[in-house]
Amino acid sequence: MQSSIVAQLAEAASASHPSQWCQGFFLLSAGIVLSIQLVPEDARRALLDYGPRAVQPSSSGGDDDATAKEGRPATAASGNGLESILVRALALLGHTPHAWFRHFYVASVASSAFWAGQFFVGGSVLRTLATWQAGRTSSSASLSLEQVVSVWGLMALQGVRRLYECTVVMRPSAQSKMLSIHWLLGLAFYLNMGIAVWVEGSHSILDPPTHLDTMSLLSPGRILGLFLFGFGWWQQYACHTYLASLKKYTLPDQGMFRHIVCAHYTCECLIYLGLAMVAAPPGQWRNRTLWCGLIFIAVNLGSTANGTKKWYAQKFGADKVAGRWRMIPYVF
């Protein structure tokens with residue numbers, strides 16, 4: 001029985017291709033984040049909240065209050081039953097400094113550079129994955145090399161800008177913590193995204209044209225995708241610059257933040273929506289692999305945006321954020 005199951009899994013794995021593995025990772029991760037919404041409140045907050053949202057001041061002035069003042073996630077030591085067990089179990093996962101967010105963008109930039117280097121020198125890692133993908137997909141559905149190069153470059157541009165922001169613009173507290181699993185999931189996301197931006201163009205990578213035809217990028221869908229990426233990219237920089245200028249734990253109320261609680265998350269979604277549209281295969285309006293990545297981003301950031309609005313309401317008053325969307329105007 002067990003050998004039969006193993007054989008079926010091996011057969012399924014051999015019939016799949018790298019883009020499906022990327023899609024599976026994005027969708028599975030999104031499903032896990034969604035499932036966390038079903039666990040008790042204390043355990044959910046212990047998993048999802050970090051930085052100021054993890055601060056839970058207590059009027060009793062006990063240990064929980066001291067923990068909050070230090071900027072560390074407060075644990076539900078006073079809880080009981082299932083909630084207490086879950087929260088204590090989560091504490092065993094360990095924490096990493098919130099400043100380690102910059103590692104995501106180090107990984108993103110390094111990934112972009114690695115795959116670019118593999119392409120220019122005909123590296124075996126790129127050729128192995130591209131051959132695996134091309135052998136199980138139709139060449140008629142492959143991205144053009146112009147698309148691959150464009151999306152590759154846009155992803156590198158995003159990674160470089162975010163690394164700059166995390167290093168120069170933003171000032172995360174040295175005491176602010178996040179669960180180590182957040183850090184690991186973020187690294188895995190950007191490493192997968194480094195593959196996702198080119199993997200559906202494997203046919204073009206293996207058999208490149210003699211010259212690039214940049215005019216092929218000027219279809220309405222790809223132009224719209226470039227516009228969405230550019231708008232989201234620039235506005236996200238403006239959002240992060242504004243947030244960095246605020247006094248610690250101040251309610252943002254300028255620019256896009258007048259209408260959206262987490263406007264920088266909105267911009268993140270626009271960036272990846274734009275990438276998915278620029279990388280759309282022939283006859284489609286979006287790239288399936290990057291679309292799955294966008295689903296993960298929307299679910300993950302949406303969960304955080306929901307907690308952020310609740311935290312703002314508790315700290316500044318519900319009326320201050322009552323008229324603002326969490327992340328997606330007219331939807332969420």
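The numbers here are math on the coordinates, done by the rules we state, and not lab data. Quick caveat: nothing in here was measured; it's all calculated off a predicted structure. Cβ coordinates were reconstructed from backbone atoms using ideal geometry, including for glycine residues, and neighbour counts include every protein chain displayed.
Distant-in-sequence amide contacts of Lys177, defined by a placed amide H-H separation under 5 Å and a gap of 5 or more residues or a different chain, comprise Gly51, His98.
Working from label points 7 Å from Cα in the Cα-to-Cβ sense, the Ala116 to Ala188 distance is 2.8 nm.
For His95, the residues 5 or more places off, or on other chains, whose built amide H falls under 5 Å of its own are Ser180.
Phi-derived couplings, Karplus 6.51 cos²θ - 1.76 cosθ + 1.60 at θ = phi - 60°, listed residue by residue for the range 135-150: x, 10, 9, 7, 5, 5, 9, 7, 5, 6, 5, 4, 5, 4, 4, 5 Hz, with x used for Gly and Pro. Rounded to the nearest Hz, the phi-derived 3J(HN,Hα) couplings of the range 294-304 under the Karplus curve 6.51 cos²θ - 1.76 cosθ + 1.60 (θ = phi - 60°) are 5, 4, 4, 4, 5, 5, 5, 6, x, 5, 5, where x marks glycine and proline. The modelled label-to-label distance for the pair Ala322/Trp285, using points 7 Å beyond Cα in the direction of Cβ, is 3.7 nm. Calculated from the alpha-carbon coordinates, the range 218-332 shows an Rg and a Dmax of 15.5, 50 Å respectively. Principal axis extents of the Cα atoms in the range 116-269, from largest to smallest and rounded to whole angstrom, are 54, 38, 24.
Residues in the range 230-240 carry Karplus couplings, in order, of x, 5, x, 4, 5, 5, 5, 4, 4, 4, 5 Hz; the curve used is 6.51 cos²θ - 1.76 cosθ + 1.60 with θ = phi - 60°, and Gly or Pro positions show x. Legend: calculated FRET efficiency, Val169 to Ser219, from the Cβ-Cβ distance at R0 = 41 Å, rounded to 0.05, equals 0.75. For a modelled paramagnetic label at Leu212, 7 Å from Cα along Cα-to-Cβ, the residues of the range 272-308 in reach, with backbone nitrogen under 15 Å, are 279.
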